[in-house]
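Enquirer: The structure that follows is given in the form of structure tokens.
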Amino acid sequence: PDNADLLCLQGYSLRKMGQYEKSVKVVSKAIWLDPEPVRYANRGYGYLAIRNYPAALTDADTGISLNPDYTTTYGVKALALQGMGRNSEALSAIDHALALEPDNAHYRHVKGVLLTASGNCAEARQALERSLALDPDYNLPYPGFASARENLEMLGTTCIPAATQAA
């Protein structure tokens, strides 16, 4: 009960099993014991899974303030901002993560999702294809988050080109 590393691992496992509320509570204990950026990112993904975007954004920003080079918190921030309808800020956050870690399949995937939502279909396709080329089977942050392959397959029906949206 007083080992932050084990609590964080337990929270991660709970999140992977879809037990998001429990995950958030367990990781919160780990943060209280040892507030490291990885713990804020872990809890942030739990908040994303339950659609508590403001809490996920707060955790991402806290993690970034503790270590601006820890890229996972930028991924959480991007998804939180997207959930709040702030896509241009979300793209900025994921671009920051990619500047630090350009060959990260997850960040390329998130960028593809954000570009799809923004109607930038061609660049979304490139980002999703790059994600798959980097790691076709990367581990998703939580169940229910579509894979890059699924997003690429749905691109034709989910991405409305920006020029068409304005018309």
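Enquirer: Which pairs do you get when a residue that is on the phi < 0 side of the Ramachandran plot and buried (at least 22 other Cβ atoms within 10 Å of the Cβ), found in region 104-122, comes within reach of a residue that is of a type in the set (F, W, Y) and assigned to a helix (DSSP H, G or I), reach meaning Cβ atoms under 9 angstrom, with the pair 6+ apart or on two chains?
Expert: Y107/Y74
Enquirer: Follow-up. May I ask you to verify whether T158 is hydroxyl-bearing (S, T, Y) and touching a Phe, Trp or Tyr at 6+ places or on another chain (Cβ under 8 Å)? I'd like the intermediate steps shown before the answer.
Expert: Working: hydroxyl-bearing (S, T, Y): yes; touching a Phe, Trp or Tyr at 6+ places or on another chain (Cβ under 8 Å): no.
In short, no.
Enquirer: Continuing with the same structure: If I go through region 12-60 residue by residue, how many of them are without any contact (Cβ under 8 Å) to a residue 60 or more places away in the chain and in contact with a Lys or Arg (Cβ under 7 Å, 6 or more places away or on another chain)?
Expert: Final tally of qualifying residues: 10.
Enquirer: State which residue pairs qualify: first residue over 13 Å from D61 (Cα atoms) and inside region 73-102, second residue surrounded by fewer than 19 Cβ atoms within 10 Å (Cβ to Cβ) and among the basic types (K, R) in any location, beta carbons under 8 Å apart, and separation of 6 or more residues or different chains.
Expert: Final answer for the pair search is G83/R51.
Enquirer: Shifting gears a bit: May I ask you to say which residue of A49, A105 is under 23 Å from L7 (Cβ atoms) and not aromatic (F, W, Y)?
Expert: Details: A105 fails: under 23 Å from L7 (Cβ atoms).
One residue alone meets the criteria, A49.
Enquirer: Still on this structure: Tell me the residue from Y70, Y20 that is aromatic (F, W, Y), closer than 16 Å to A97 by Cα and in contact with a Gly (Cβ under 7 Å, 6 or more places away or on another chain), please.
Expert: Values: Y20 fails: closer than 16 Å to A97 by Cα.
Testing whether each residue is aromatic (F, W, Y), closer than 16 Å to A97 by Cα and in contact with a Gly (Cβ under 7 Å, 6 or more places away or on another chain) leaves just Y70.
Enquirer: Which numbered condition in (1) within 25 Å of L9 (Cα to Cα); (2) more than 12 Å from the chain's Cα centre (by Cα); (3) surrounded by 21 or more Cβ atoms within 10 Å (Cβ to Cβ) is the only one that D69 fails?
Expert: (3)
Enquirer: Now for a different question. Test R43 against the stated conditions and say whether it is surrounded by 18 or more Cβ atoms within 10 Å (Cβ to Cβ), basic (K, R), under 23 Å from S92 (Cβ atoms) and under 14 Å from the mean Cα position of the chain (by Cα).
Expert: On the way: surrounded by 18 or more Cβ atoms within 10 Å (Cβ to Cβ): yes; basic (K, R): yes; under 23 Å from S92 (Cβ atoms): yes; under 14 Å from the mean Cα position of the chain (by Cα): yes.
Yes; evaluated as a whole, the condition is true for this residue.
Enquirer: So which residues in region 72-90 are surrounded by 22 or more Cβ atoms within 10 Å (Cβ to Cβ) and under 16 Å from G46 (Cα atoms)?
Expert: T72, T73, Y74, G75, V76, K77, A78, L79, A80, L81, Q82
Enquirer: Right, something else. Considering only residues that are among the aromatic types (F, W, Y) and modelled with pLDDT of 90 or more, which ones fall in region 107-141?
Expert: Taking region 107-141 and keeping what is among the aromatic types (F, W, Y), we get 107, 138.
Selection gives Y107 alone.
Enquirer: Looking only at residues in region 142-164 that are over 18 Å from Q82 (Cα atoms) and exposed (fewer than 11 other Cβ atoms within 10 Å of the Cβ), which one is modelled with the lowest pLDDT?
Expert: Selected residue: T164.
Enquirer: Name the helices (runs of 4 or more DSSP H) wholly within region 1-110 that hold at least 2 residues that are farther than 27 Å from R149 by Cβ and of a type outside the set (S, T, N, Q)?
Expert: Values: elements: 4-16, 20-33, 37-49, 53-66, 72-83, 87-100.
The helices (runs of 4 or more DSSP H) meeting that bar are 4-16, 20-33, 37-49, 53-66.
The values are calculated or read from the model by the stated rules, or taken from the named source; none is laboratory data. Keep in mind that what you see is a predicted model, and the values were worked out from it rather than measured. We place every Cβ from the backbone using ideal geometry, glycine too, and count neighbours over all the protein chains shown.
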